[in-house]
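Working notes for the structure below.
The values are calculated or read from the model by the stated rules, or taken from the named source; none is laboratory data. Note that the structure is predicted; figures quoted are calculated from it, not measured. Neighbour counts run over all protein chains shown; Cβ positions are idealised from the backbone, glycine included. Only protein heavy atoms, including side chains, enter the accessible area calculation; ligands, DNA and RNA are left aside. Shrake-Rupley method; radii C 1.70, N 1.55, O 1.52, S 1.80 Å.
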Amino acid sequence: MIKLPENFQTYAEARKAGFLRMKEIKDNGGRIVGIFCSFVPQELLMAAGAAAAPLCAFSDEPIPAAEAHLPRNLCPLIKASYGFALTDTCPYFYFSDFIVGETTCDGKRKMFELMNEIKETYVMQLPHSKSEAALQLWKEEIIRLKEKLEDFYGITITEEQIKEAIRIKNQERNAMLGFLELGKLNPAPLSGYELGTRLDGLGFNFDMEERCRIIEERTKEVYEDWKKNYQGKETNRPRILITGCPNSGVRDKIIKAVEEMGADVVAFDCCNGTREKVELVDENMPVYDALAKKYININCSVMSPNKSRMNYIEEMMEEYQIDGVIEIILQACHTYNIESHYVKQTVVKKGKAYLMIETDYSQADKGQISTRLEAFLETIEK
Ligand code: SF4
Ligand code: SF4
């Protein structure tokens, strides 16, 4: 695994460092809205002067408490997120003025009803297709969220403010994408562990300009190091694409593990990867149409059909020169699990290796996963 830089912050450290920033925002009378999903248009929160607190949870600690109310056979991300709220142990949840949920998968949708009893949880009705009718509905939902923010804070959000937020958020997307696209370099210039951890960690920095500066500096530094030390060198390390459910809660036992075994994770088709960043919001369209179009195009498996995800995986396999794909399915995530049929077909059709791992946030299957990863790497000939 490629060495981590000295000042590297783990996900837990970055999350902890964000607590203080969050408290500072609150102490200064600032606004904070908790969110769970890439489908929530952050531009509207920004236009309302609110910071978006990422609430998806990646720890198994609060899961036993959550299981008192939720079924055990449920996605660990949903259980952990609810568990933090229930036990009042997540400062991001605590400081949020209200929560914006969305009707993505059934588990999250129903969990939000319970969460609403702990703190106001406003739910956006996300259609599950990309048809013209769905786009219209989604545009109306986006306008409804703007009205909710106006009502909640007693403010007026102008189109000019939304335009400005779109511009800033697009800049941030480009900066993050530039960092993730370092993975296209061959040999790999940095570890996939760092790629994912840094992006997740930056979600806890609410200053967009600083976020961009930090990631652009790191991108430049990595690229220069690559030119000096790696460019033109041969490597026999297989290049891996990670796809599927959000992977932050299983990063150590899958991504770190496979890199320690001699592979390079270079690409991420997931919500903490390029999935939400490849399409910008069109700055020349009317704002609500532009937001609706951008966000409905996110290739999450809750969309049916979701052929564009397969096309995107194919493109990524070419662009990142992928040798094998590992699909991560969180336990009981039916949409990604069923869709893995098509992902496997897409990967195998291109003559590449495919491995699906269904797991949760516990360490119980760590040994078994390691054995499967080792066997998987042996099937990839370089
Ligand atoms: S995987 Fe789908 S439901 Fe989960 S955060 Fe991403 S877009 Fe939202
Ligand atoms: S990983 Fe799957 S089940 Fe879990 S919240 Fe996301 S879409 Fe829902």
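Summary table below
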{"quantity": "Heavy-atom surface of the range 11-157, accessible at 1.4 Å and reported per residue (Å²)", "calculated": "43"}
{"quantity": "Where the range 310-354 is the region considered: accessible area per residue in Å², 1.4 Å probe", "calculated": "45"}
{"quantity": "In order through the range 213-220: 3J(HN,Hα) via Karplus (6.51 cos²θ - 1.76 cosθ + 1.60), integer Hz, x for Gly, Pro", "calculated": "4, 4, 6, 5, 4, 5, 4, 5"}
{"quantity": "Rg/Rh ratio calculated on Cα atoms of the range 11-157 (Kirkwood radius)", "calculated": "0.97"}
{"quantity": "Cα extents of the range 264-311 along the three principal axes, largest first (Å)", "calculated": "41, 24, 16"}
{"quantity": "For the range 304-382: relative contact order, % (alpha-carbon pairs under 8 angstrom, 6 or more apart)", "calculated": "32"}
{"quantity": "Relative contact order [Cα under 8 Å, 6+ residues apart], the range 233-382, whole percent", "calculated": "30"}
{"quantity": "Rounded percent of accessible protein surface that carbon and sulfur make up, the range 121-220, 1.4 Å probe", "calculated": "48"}
{"quantity": "Listed peptides 322-332, 138-148, 224-234, 343-353 by packing density, highest first (mean Cβ within 10 Å)", "calculated": "322-332, 138-148, 343-353, 224-234"}
{"quantity": "Over the range 161-378, equivalent-ellipsoid semi-axes from the Cα gyration tensor in Å", "calculated": "28, 22, 16"}
{"quantity": "Base-10 log of normalised Debye intensity for the range 293-356 (one unit scatterer per alpha-carbon) at q = 0.27 Å⁻¹", "calculated": "-1.25"}
{"quantity": "Over the chain, equivalent-ellipsoid semi-axes from the Cα gyration tensor in Å", "calculated": "32, 23, 22"}
{"quantity": "Contact order relative to length of the range 11-157, as percent, for alpha carbon pairs under 8 angstrom and 6 or more apart", "calculated": "21"}
{"quantity": "Value of [θ]222 nm, deg cm²/dmol, for the chain, DSSP H segments ≥ 4, -39500 (n - 2.57) each, nearest 500", "calculated": "-15500 deg cm²/dmol"}
{"quantity": "Distant-in-sequence amide H partners of MET124 (H built 1.01 Å from N, under 5 Å)", "calculated": "GLY101, GLU102, THR103"}
